[in-house]
1. Can you classify the stretch 235-303 as rounded, prolate or oblate using the Cα gyration tensor, where a ≥ b ≥ c are the square roots of its eigenvalues, rounded means a/c under 1.5, and otherwise it's prolate if a/b beats b/c and oblate if not?
2. For the stretch 237-281, with the dipole built from +1 on Lys and Arg beta-carbon atoms and -1 on Asp and Glu ones, taken about the Cα centre, which of Ala266, Phe276, Thr249 lies farthest toward the positive end?
3. Run the dipole for the stretch 282-376 about the Cα centre, Lys and Arg Cβ at +1, Asp and Glu Cβ at -1, nothing else charged, and hand back the magnitude in debye, nearest 20.
4. For Arg178, Arg346, Arg312, what's the fewest-to-most ordering of other Cβ within 10 Å of each Cβ?
5. So for Phe55, Phe370, Phe259, fewest C-beta neighbours within 10 Å to most, what's the order?
6. Using mean Cβ contacts within 10 Å as the protection proxy, how do 359-368, 300-309 order, highest first?
7. Neighbouring Cβ atoms within 10 Å as the yardstick, rank Ile247, Ile289, Ile218, Ile161 fewest first.
8. For the stretch 217-297, what is the charge dipole size about the Cα centre, in debye to the nearest 20, if Lys and Arg each add +1 at the Cβ and Asp and Glu each add -1 at the Cβ?
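Just so you know, all these numbers are worked out from the coordinates, no wet-lab data involved. Worth saying up front: this structure is predicted, and the values here are computed from it rather than measured. In this analysis, Cβ positions are derived from the backbone assuming ideal geometry, glycine residues included, and neighbour counts consider all displayed protein chains.
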Amino acid sequence: MKRFLLPALLFSTGVFAGLVLTGRLQVAEESSADQASPTVSSAAATLTAASLPDFTEVASARVPSVVNISSMRLERRAAGPMFNDPFFSYFFGNDPNMFGAQERTSLGSGVIVSPDGYILTNNHVVGSVDAEVTVTLADNRELAAEVIGVDQWTDIALLKIDADDLPVAPWGDSSTIRVAEWVLAIGNPFQLNQTVTLGIVSAVRRANLGITTYEDFIQTDAAINEGNSGGALINGRGELIGINTAIFTQSGGDQGVGFAVPSNLARRVMDDLIEFGEVPRGSIVYIEIAPLTTRQAEQLGVPPGSGALIARVRRGTPAYEAGIRPGDVIVAFDDQPVDDASHLLRLLADAPIGGTVVLTGLRDGRDIIFNVEIGRAQSRQ
């Protein structure tokens, strides 16, 4: 059975934006019915209404900090082959804009993170830095928003509206999140503004999903649907711990598998967008990093669940001069074990530009040490 990763986003036409962010993901088939199920004592499984947490005060306080976002951008229509026909040009001219541009409107959510009007949302909600964005507050005021910047690596965008004394979602520390912790998802699914759903943290540090380049997602079973993109994931203390971004679905609707960008990452991106207009990231330039398959790991003698494969290295680059070659497997970054290609990419992105890191590689069953200078990753704005 195949399922899809979708952005939790609405188009004005009612169709998903892009439908699939990066294509299909193959997942394991459901367990067979004859497999044994774990048993839980009746005492441990019994929950009464009195024992369940009450989030009414938290929801009431945080709902006003979540806004509706409408983004409009123009996409030029293709002129078609007849546009180059001399006879056609004689009568109709050569203006490529004569066919018009298709108006593309997307609807999503956003979170107010400062009293003076900074709002975080998803890049795929905004669409581009040139988009015309309108923000609708909880009190139904509609305000034009400036796109301060977008970051495709994390699917985060930062907006600014001209307003003061706005209700704010206070920052939480996403590094302290624990699996099974209660969370609220607040957003605007199906244009039903300020909708609140309840769930738990299902997993943390989810990566290799194909949603973004820099992946470190919180997974939750709180219901997330079309229009929730850019909305808030709130912990039991009313703190913002994530920006809801995508769902893993078979039907197009919520199936209890949603993903949010952690608040600590979103906050770093926001700070960089305010200061630089982009997010400076480290990289080892002109190398290609690839996931290591189980078969490759066995052939190269790499322990399962560790290492990233170097697929290509350009001659004459710092990486090549440091001795890195195609086929090497990087297993440690400054003595920190490397889990996989996605993990190595995150470590490089967070490394200081211009500094030197020590990489431990495996080649022909032997450890090799590489001292490599960190360059600046190419912007994907």
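1. oblate
2. So the residue furthest toward the plus end is Thr249.
3. On the way: 9 positive and 12 negative charges, 75 e Å.
Roughly 360 debye for the stretch 282-376.
4. Final ranking by Cβ density, sparse to dense: Arg178, Arg312, Arg346.
5. Values: Phe55 17, Phe370 20, Phe259 27.
In increasing order of surrounding Cβ atoms, one gets Phe55, Phe370, Phe259.
6. Numbers: 359-368: 15.3, 300-309: 17.1.
Averaged packing, sorted descending, gives the order 300-309, 359-368.
7. Working: Ile247 25, Ile289 19, Ile218 28, Ile161 22.
Fewest-to-most Cβ neighbours within 10 Å comes out as Ile289, Ile161, Ile247, Ile218.
8. My answer is approximately 240 debye.
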